[in-house]
Amino acid sequence: MTIKNTLIIFSVAILASCNQEKQSYLDASLAIETRAQLLLKEMTLEEKIGQLNLDYDVPASDLSKAITSDKLSDIKVEEDAAAYLLKQWEEDIVAGKIGVTRDIESREHANHLQKLAEQSRLKIPLFTVQNYGRGVGKDSTTIFPSYISMASSFNPTLVEKAAEIIARESRTEGINWIFGPTIDISRDARWGRVGETWGEDTLLSGEMGVAIVKGFQNNNAIEYRAAACLKHYAAGGQSQNGLNFSPIDISERTLRTYHLPPFKKAIDAGAMTIMAGHNDYQGIPCHANKFLLTDILRDELKFDGLVISDWLDIERLVTLHKVAEDFKDASLISFKAGVNIHNHGKGYVEALLALVEEGKISESEINESCLKVLRLKFKLGLFENRYAPDPKGKNLVWTKEAQELSLELSRQSLVLVKNENNILPLKNKNLNILVTGQNANNLAIMGDWVFDENYTDVVKIKDGLINEAPQNNNVVFYDCGESVNISSSHIKNSVKNAEKSDVIVLALGGNHFRPGSIENKTGGENKDVQDIELFGNQLELVKELKKTGKPIVVILVGGRPLAIEWLSKNVDAIIQAWEPGLFGGKAIAEVVYGKYNPSGKLPMSIPRSTGQANVWYNYHPSLYFRNFMFGEMGPLYNFGHGLSYTSFTYENLEFQKQINTSENLKVNLKVTNTGAIDGDEIVLCYINDKVSSVVTPVKKLVGFKRISLKASESKTVEFEITPKDLSLWNVDMKEVIEKGEFEIMVGTLQDTFEVI
Ligand code: BGC
């Protein structure tokens with residue numbers, strides 16, 4: 001008996017150790033959670049914290065900040081310093097002290113760094129990040145229009161396809177984590193970053209955010225997926241004076257009603273990471289805000305991915321917001337509030353090690369954050385596919401499909417806001433067309449967050465207008481420079497040219513092109529403005545040209561709406577072109593010449609003046625109870641406005657007259673193309689809560705559908721309004737659906753809604 005027992009015990013012991021050997025985190029057949037837990041067990045505290053640290057090869061200009069003073073005396077010349085830092089950084093990767101890096105120069109560079117990571121004790125692959133939210137733009141990869149442009153298409157299906165391409169192309173460049181999509185709601189046209197967003201509406205931003213998340217994270221084969229990063233959490237699009245970084249002092253109800261739902265949607269779609277905002281919300285910096293980062297984000301929105309700090313914003317808890325004494329204090333505050341990864345630089349590993357030692361952060365808290373990183377690295381398959389594939393001969397980048405999609409999104413994003421006497425399209429033969437304006441021959445159509453490439457593939461506006469012109473039309477381009485301060489001789493020469501023309505096409509607006517020269521810039525990140533009228537003396541040019549009596553078509557370029565009241569009263573046609581990207585000039589020309597019937601709708605209202613920088617469609621009923629003393633009220637062009645070369649009618653609106661608060665409400669209507677040419681229509685469905693316990697907006701978008709209709713064709717359009725669409729945040733700050741009546745509005749045109 002005794003012997004038998006011993007034998008049994010012995011055989012069990014052997015089984016256990018076999019099992020352990022097989023159970024390595026490198027075994028791809030194991031579940032992600034098992035792998036993450038197995039790996040965590042092998043890690044030292046320093047290695048765990050290393051996974052929470054983003055560090056990269058600091059540019060030479062930042063050397064003095066990056067090198068600690070005790071080391072400085074050893075370093076004689078800048079080159080030595082750069083080499084020293086590079087060596088230190090690479091050694092840190094091999095030592096497992098860096099989990100995330102950025103500013104990858106090339107595929108080869110990315111692969112070199114991943115190789116170093118593979119030489120580390122535990123072989124954990126690196127997260128490699130970049131702001132490629134709408135395209136890499138390197139080695140002939142594809143760039144898509146900016147988000148404010150793509151928002152005007154109201155076409156999340158195409159946006160999802162674009163995101164799939166962006167992720168694939170990013171992976172071939174060695175990037176596996178993309179800092180995008182931005183899903184801030186833009187409620188201030190002065191903000192330089194409006195072009196990075198989907199405009200003013202909560203539903204549209206949420207749907208587009210979901211499209212990007214799915215495209216980045218799900219649709220490709222695993223080796224071409226990239227982690228998405230929702231930014232900036234939260235409400236940076238409604239900061240004081242529209243200034244980047246400035247305080248956000250909006251109510252919790254506004255936060256919850258308008259700014260958080262896109263995050264909730266994108267989280268539910270599986271968004272892997274989130275970036276905290278630069279600003280303070282109600283006096284607590286977003287990076288120190290437990291209410292935002294833990295109570296809401298983790299407990300309510302159920303986000304279980306990673307929170308990364310924005311660029312040096314943990315440092316700014318000390319230097320800008322002044323809520324921390326020093327970097328260690330700031331690291332503690334942000335870690336406790338819910339930030340998982342420090343972006344970026346030296347000192348974080350040391351700070352967190354000290355905080356654990358002092359008992360202020362427990363190892364189990366570090367484990368929790370570290371596990372989040374490990375899970376995502378396993379989920380993205382990085383342990384198996386850390387290296388960037390060479391796309392040569394594989395039809396992975398700059399494919400025909402990608403280029404066509406970029407062009408199609410440009411087309412769908414153009415909004416025809418005015419077309420007096422149907423001056424457009426310019427279809428007459430034998431027209432002499434003058435093309436001028438400071439944006440006719442530059443890269444403003446590319447917008448912000450593209451990088452320093454050579455841009456040889458870009459079709460500029462004047463090139464598109466020349467190449468696409470119908471036969472026998474004569475297009476003359478007059479170059480008046482790129483500055484918004486157009487010289488008087490340029491104005492005079494433009495007028496001379498205009499006198500010889502039949503029609504003038506003027507490319508005006510702003511310039512947010514990131515690598516562009518600072519003198520020409522009018523927007524972009526940290527390029528906010530206090531005045532949103534046409535910049536410089538553009539209006540002077542238009543006024544002089546107007547005196548010639550020739551019809552004027554204005555193409556407005558730029559990443560924010562401008563106050564264009566004078567233009568809207570005095571020129572014949574206006575196309576809000578935003579930043580239509582690589583093939584923008586071609587798409588614009590197709591609309592101008594009638595080869596493409598415009599279909600975009602405004603995702604953000606166009607104000608009359610700077611005083612309306614905060615104008616939006618979903619305002620509270622009392623907003624216009626008392627008017628400003630002078631001038632007209634309401635926006636110049638409302639959210640959802642956009643003309644076509646054909647016309648549409650809406651009829652037979654049907655819906656259930658009574659529903660329970662748990663039921664979906666089905667709405668359908670017939671839409672007919674009553675014009676003579678084919679066209680796309682974007683049908684928008686709004687509700688209004690007639691009487692509610694707290695104030696609710698006059699309109700709330702609850703559905704949009706983009707449809708294509710041949711001339712004379714009709715289609716039935718269906719919407720399904722969910723109970724959540726009907727909900728509000730009540731006095732106790734609970735989300736509830738109240739009994740009562742709702743109006744349903746279906747319409748697209750300027751300020752006219754069919755109220756049923
Ligand atoms: C921006 C982020 C961006 C980050 C990293 C910051 O200044 O706010 O949107 O992702 O830089 O480059």
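Per the conditions (1) closer than 19 Å to GLU196 by Cβ; (2) open to solvent by less than 10 Å² (accessible area, probe 1.4 Å); (3) not acidic (Asp, Glu), the sole criterion not satisfied by TYR258 is (2). Name the one entry in ALA228, ALA163 that is over 17 Å from PRO603 (Cβ atoms) and within 16 Å of the ligand (Cβ to nearest atom). Going through ALA228, ALA163 in turn, just one is over 17 Å from PRO603 (Cβ atoms) and within 16 Å of the ligand (Cβ to nearest atom): ALA228.
In the list ASP463, ASP528, which residue meets the criterion of being within 32 Å of the chain's Cα centre (by Cα), under 30 Å from THR141 (Cα atoms), modelled with pLDDT of 95 or more and assigned to a loop (DSSP other than H, G, I, E, B)? Lay out the reasoning, then the answer.
Values: ASP463 fails: assigned to a loop (DSSP other than H, G, I, E, B).
After ruling out the rest, the residue left standing is ASP528.
Being touching a Pro at 6+ places or on another chain (Cβ under 9 Å), aromatic (Phe, Trp, Tyr) and open to solvent by less than 10 Å² (accessible area, probe 1.4 Å) is a description that does not apply to PHE263. The requirement of being at pLDDT below 85 and out of contact with any helix residue (DSSP H, G or I) (no Cβ under 6 Å at 6 or more places or on another chain) is satisfied by SER61. Within region 589-640, the only residue that satisfies the criterion of being within 22 Å of the chain's Cα centre (by Cα) and either among the acidic types (Asp, Glu) or outside any loop (DSSP other than H, G, I, E, B) (or both) is ILE606. Screening PHE630 against (1) at pLDDT 95 or above; (2) loosely packed, with under 12 Cβ neighbours inside 10 Å; (3) among the hydrophobic types (A, V, I, L, M, F, W, C) leaves a single unmet condition, (1).
Here is a yes/no grid of residues against (1) out of contact with any helix residue (DSSP H, G or I) (no Cβ under 7 Å at 6 or more places or on another chain); (2) more than 16 Å from the ligand (Cβ to nearest atom):
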| site | (1), (2) |
| --- | --- |
| GLU200 | yes, yes |
| ASN218 | yes, yes |
| ASN244 | yes, no |
| ARG256 | yes, yes |
| ALA266 | no, no |
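Consider region 279-304. How many of its residues are touching a Lys or Arg at 6+ places or on another chain (Cβ under 8 Å) and open to solvent by less than 10 Å² (accessible area, probe 1.4 Å)? Final tally of qualifying residues: 2.
Tell me, which residue of region 331-363 that is among the hydrophobic types (A, V, I, L, M, F, W, C) and in contact (Cβ under 8 Å) with a residue 40 or more places away in the chain is nearest to the ligand (Cβ to nearest atom)? Across region 331-363, the extreme among qualifying residues is ILE341.
If we keep just the residues of region 514-568 that are within 16 Å of the ligand (Cβ to nearest atom) and open to solvent by less than 30 Å² (accessible area, probe 1.4 Å), which is nearest to ARG193 (Cα to Cα)? Ranking the candidates gives GLY524 first.
Collect the residues in region 209-228 that are of a type in the set (A, V, I, L, M) and open to solvent by less than 10 Å² (accessible area, probe 1.4 Å), keeping them in residue-number order. Before the answer, list the steps.
Residues of region 209-228 of a type in the set (A, V, I, L, M): 210-213, 221-222, 226-228.
Result: ALA211, ILE212, VAL213, ALA226, ALA227, ALA228.
If SER727 satisfies every condition in (1) touching a residue at least 12 places away in the same chain (Cβ under 8 Å); (2) open to solvent by less than 60 Å² (accessible area, probe 1.4 Å) but one, which is the exception? SER727 satisfies all of (1) touching a residue at least 12 places away in the same chain (Cβ under 8 Å); (2) open to solvent by less than 60 Å² (accessible area, probe 1.4 Å) except (1). Only a single criterion out of (1) open to solvent by 30 Å² or more (accessible area, probe 1.4 Å); (2) at pLDDT 95 or above; (3) part of a loop (DSSP other than H, G, I, E, B) is not satisfied by ASP457, namely (2).
Can you work out which of the residues in region 281-312 that are acidic (Asp, Glu) and more than 15 Å from the ligand (Cβ to nearest atom) is farthest from ARG256 (Cα to Cα)? Show your work before the answer.
Kept after step one, since they are acidic (Asp, Glu), are these residues of region 281-312: 295, 299-300, 304, 310.
After this cut, where a residue has to be more than 15 Å from the ligand (Cβ to nearest atom) as well, the list is 295, 299-300, 304.
Values: ASP295: 13, ASP299: 14, GLU300: 11, ASP304: 19 Å.
In this case the residue turns out to be ASP304.
The residues of region 482-500 that are of a type in the set (Ser, Thr, Tyr) and open to solvent by 10 Å² or more (accessible area, probe 1.4 Å), listed by number, are SER483, SER487, SER488, SER489.
Yes/no matrix, rows are residues, columns are (1) farther than 30 Å from ALA110 by Cα; (2) out of contact with any helix residue (DSSP H, G or I) (no Cβ under 6 Å at 6 or more places or on another chain); (3) outside the structural domain of GLN114 (by TED's automatic domain parsing); (4) not β-branched (Val, Ile, Thr):
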| position | (1), (2), (3), (4) |
| --- | --- |
| VAL349 | no, no, no, no |
| LEU355 | yes, no, no, yes |
| GLU358 | yes, yes, no, yes |
| ILE361 | yes, no, no, no |
| GLU365 | yes, yes, no, yes |
| SER369 | no, yes, no, yes |
| GLU384 | no, yes, yes, yes |
| LYS394 | no, yes, yes, yes |
| ASN421 | yes, yes, yes, yes |
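Test GLU468 against the criterion of being at pLDDT 95 or above, open to solvent by 20 Å² or more (accessible area, probe 1.4 Å), touching an Asp or Glu at 6+ places or on another chain (Cβ under 9 Å) and not small (Gly, Ala, Ser), and give yes or no. I'd like the intermediate steps shown before the answer.
On the way: at pLDDT 95 or above: yes; open to solvent by 20 Å² or more (accessible area, probe 1.4 Å): yes; touching an Asp or Glu at 6+ places or on another chain (Cβ under 9 Å): yes; not small (Gly, Ala, Ser): yes.
So GLU468 fits the description; yes.
Is there a residue in region 193-203 that is farther than 20 Å from GLY283 by Cα and aliphatic (A, V, I, L, M)? Yes, because at least one residue in region 193-203 is farther than 20 Å from GLY283 by Cα and aliphatic (A, V, I, L, M). Please specify each residue of region 635-686 satisfying the condition of being touching a helix residue (DSSP H, G or I) at 6+ places or on another chain (Cβ under 7 Å) and closer than 25 Å to MET604 by Cα. Residues satisfying the conditions are PRO635, LEU636. Residues that are in contact with a Pro (Cβ under 8 Å, 6 or more places away or on another chain), open to solvent by 30 Å² or more (accessible area, probe 1.4 Å) and acidic (Asp, Glu) do occur in region 658-680.
For region 97-106, the condition of being more than 16 Å from the ligand (Cβ to nearest atom), surrounded by 24 or more Cβ atoms within 10 Å (Cβ to Cβ) and touching a residue at least 24 places away in the same chain (Cβ under 8 Å) holds for at least one residue. Only one of the listed residues (ALA110, ALA83) is part of a helix (DSSP H, G or I), modelled with pLDDT under 90, more than 15 Å from the ligand (Cβ to nearest atom) and small (Gly, Ala, Ser). That residue is ALA83.
Among the residues of region 190-204, the ones that are surrounded by fewer than 24 Cβ atoms within 10 Å (Cβ to Cβ) and among the aliphatic types (A, V, I, L, M) come to 1 in all.
Filter region 123-140 down to residues that are away from the ligand (no atom under 16 Å from the Cβ) and open to solvent by less than 10 Å² (accessible area, probe 1.4 Å) and give me whichever is nearest to the chain's Cα centre (by Cα). It comes out as LEU126. Got at least one residue in region 487-496 being outside the structural domain of PHE245 (by TED's automatic domain parsing), within 26 Å of the chain's Cα centre (by Cα), within 23 Å of GLU544 (Cα to Cα) and touching a residue at least 24 places away in the same chain (Cβ under 8 Å)? The answer is no; no qualifying residue exists.
Mind listing whichever residues of region 166-190 are within 12 Å of the ligand (Cβ to nearest atom) and touching a Ser or Thr at 6+ places or on another chain (Cβ under 8 Å)? Explain how you work it out, then say what you get.
If we filter region 166-190 for residues that are within 12 Å of the ligand (Cβ to nearest atom), which is where we start, we get 177-184.
Hits for region 166-190 are TRP177, ILE178, THR182, ILE183, ASP184.
The values are calculated or read from the model by the stated rules, or taken from the named source; none is laboratory data. Predicted model only: the values in this text are computed from it and were never measured. Counting neighbours? That spans all protein chains shown, and the Cβs are built from the backbone with ideal geometry, glycine included. Ligands, DNA and RNA are stripped out before the accessible areas are found, and what is left, the full protein with its side chains, is counted by its heavy atoms. Shrake-Rupley method; radii C 1.70, N 1.55, O 1.52, S 1.80 Å.
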